[in-house]
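Peer 1: The structure follows.
The values are calculated or read from the model by the stated rules, or taken from the named source; none is laboratory data. Bear in mind that the values here come from a model prediction, so they are computed numbers and not experimental data. Neighbour counts are summed over all protein chains in view; Cβ atoms, including those assigned to glycine, are modelled from backbone coordinates with ideal geometry. Ligands, DNA and RNA are stripped out before the accessible areas are found, and what is left, the full protein with its side chains, is counted by its heavy atoms. Shrake-Rupley method; radii C 1.70, N 1.55, O 1.52, S 1.80 Å.
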Amino acid sequence: MDGARRGGRLWREVVVASAVLAGFAAQAALAADCPGRPDALGTSRTLVVDPREHPRIGTMQYPETLPLADHEVVLTFDDGPLPKNSNKVLDILAAECVKATFFTIGSQARNSPEGVRKLLAAGHTIGTHTQTHPLTMNRMPIERAKQEIEDGIASVKAALGDDADALAPFFRIPGLMRADAVEDYLAGQGIQVWSADFLADDWHHISSQRVYDLAVSRLEAKGKGILLLHDIQARTVAALPRILETLKARGYHIVHVVPATPDRPATPTEPPQWLLHPAPGAIAQWPEVASFVAADLGSLPAPARIDFDAAEESPILHRAAFARPTWPEPPELAPGSATVTLAAPASSLFEIEGGLDAALHGAALSRRTHKAASAEPASTKRLSRREARRLARANSRASRLADAAGHRSRYGAAQSSRQKPRTVAAAHRGPVKRLVQIRKRRV
């Protein structure tokens, strides 16, 4: 796609460059033919078209338009001749050595045949625009439409007299009110139907400034194309000099269109050139990239174990392949080991000397002794000999009581069951109280 875009852009640049060079050469030649106007806009080139190859042009209504390069303009004028304004338009165009195409009305040609002959003498192209300019061509019976077309052609030819063959097979439908039956009839007669690419709305009741603004802005938006004007309008006469001056200042070029004849063949063109803005893919001439299709080769065979045998010769290194590393295998377990069971621990391992009551009593005394010792501030001075002896006697008494409790728990079952055993807390209520009293005296 990127290649197509580059190809399209390159193609357009070549066409534009060729048109610009040809335009400069034509302008230089034509400027020499304009007395006192060496800087005239001029006509850049003449385009010869075959109506039978392209029967309908103008993107306002049809897919195709004239094969113009960028910044090329074709000027067209409708509804004349009307001497009061049409002659002024001819003078303005002559001052700039510009050629245009005029679509004349048959009744106007009958009223002013001299105006038609002036168009021919100035080198402009003459087409037709029906006999009476009806705005109902899209809905009138085809027989009446044919009559309008044929009468208009006959009137213009009568005005041209001996130069009737100079009438171009170009036709514009009044008001652009197209109809398929009308277009088919014209194509069958070898007459090319002209629409337009943009308008200036100069048939409306607007100012000449507005006509100028619309013509220039719409041309700038399109970049090239067919401009439709009316040579019978005074506002067009007033706007035309400024339009031409702006075209010259902005680098636009005027193209004159004429029909092909046996002695004048059509200008060689390519189909994409007849599009106003052809898509890059339509004009690119780059070769297409070949399409590759993967062949169905199936699945590759899995390597065999022998392919990795150390005895095989390596096809890459041309030497003995590296030996495969030997991984240690796990030892096999003897069948008898699976039934081996461990010995159960003896019940004596879980016996507590003195019984559960003695163990709980000893644990309680240890916690109280530790709590009394830890309650001493870290900064307490060393105990005196008297206090140390008292603490030792208290600990000794607590130990004897614990031994006695253990002795009773072991042999107490032989005594009378009616005797109520003393709890650990009750048995040692006295010593605990003395320990607290000793601490209070110290504090």
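Condition check ((1) over 30 Å from Asp50 (Cα atoms); (2) open to solvent by less than 80 Å² (accessible area, probe 1.4 Å); (3) modelled with pLDDT of 95 or more) across all residues:
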position: Ala238; (1), (2), (3): yes, yes, yes
position: Arg242; (1), (2), (3): yes, no, yes
position: Ala260; (1), (2), (3): no, yes, yes
position: Val289; (1), (2), (3): yes, no, no
position: Phe292; (1), (2), (3): yes, no, no
position: Pro301; (1), (2), (3): yes, no, no
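Peer 1: Can you find a residue that is in contact with a Gly (Cβ under 8 Å, 6 or more places away or on another chain), under 19 Å from His256 (Cβ atoms), of a type in the set (Ser, Thr, Tyr) and open to solvent by less than 20 Å² (accessible area, probe 1.4 Å) anywhere in segment 137-156?
Peer 2: Within segment 137-156 (the criterion being in contact with a Gly (Cβ under 8 Å, 6 or more places away or on another chain), under 19 Å from His256 (Cβ atoms), of a type in the set (Ser, Thr, Tyr) and open to solvent by less than 20 Å² (accessible area, probe 1.4 Å)), the answer is no, since none of the residues qualifies.
Peer 1: Take the conditions of a type in the set (D, E, K, R), in a helix (DSSP H, G or I) and touching a helix residue (DSSP H, G or I) at 6+ places or on another chain (Cβ under 9 Å) and apply them to Arg218. Does it pass?
Peer 2: The answer is no for Arg218.
Peer 1: If Thr125 satisfies every condition in (1) in contact with a helix residue (DSSP H, G or I) (Cβ under 6 Å, 6 or more places away or on another chain); (2) of a type in the set (S, T, N, Q); (3) buried (at least 17 other Cβ atoms within 10 Å of the Cβ) but one, which is the exception?
Peer 2: Going through (1) in contact with a helix residue (DSSP H, G or I) (Cβ under 6 Å, 6 or more places away or on another chain); (2) of a type in the set (S, T, N, Q); (3) buried (at least 17 other Cβ atoms within 10 Å of the Cβ) one by one, Thr125 breaks only (1).
Peer 1: State whether the residues of segment 155-166 include one that is under 30 Å from Asp70 (Cα atoms) and not in a loop (DSSP other than H, G, I, E, B).
Peer 2: Yes; the residues of segment 155-166 include at least one that is under 30 Å from Asp70 (Cα atoms) and not in a loop (DSSP other than H, G, I, E, B).
Peer 1: Taking Met177, is it open to solvent by less than 50 Å² (accessible area, probe 1.4 Å), more than 30 Å from Ala40 (Cα to Cα) and within 52 Å of the chain's Cα centre (by Cα)?
Peer 2: So Met177 does not fit the description; no.
Peer 1: Out of the helices (runs of 4 or more DSSP H) lying entirely within segment 1-118, which hold 2 or more residues that are at pLDDT 95 or above and more than 39 Å from the chain's Cα centre (by Cα)?
Peer 2: Of the helices (runs of 4 or more DSSP H) lying wholly inside segment 1-118, those with at least 2 residues that are at pLDDT 95 or above and more than 39 Å from the chain's Cα centre (by Cα) span 83-95, 106-111.
Peer 1: Go through segment 182-206 and report how many residues are touching a Pro at 6+ places or on another chain (Cβ under 8 Å) and either open to solvent by 30 Å² or more (accessible area, probe 1.4 Å) or more than 20 Å from Trp274 (Cβ to Cβ) (or both).
Peer 2: Result for segment 182-206: 2.
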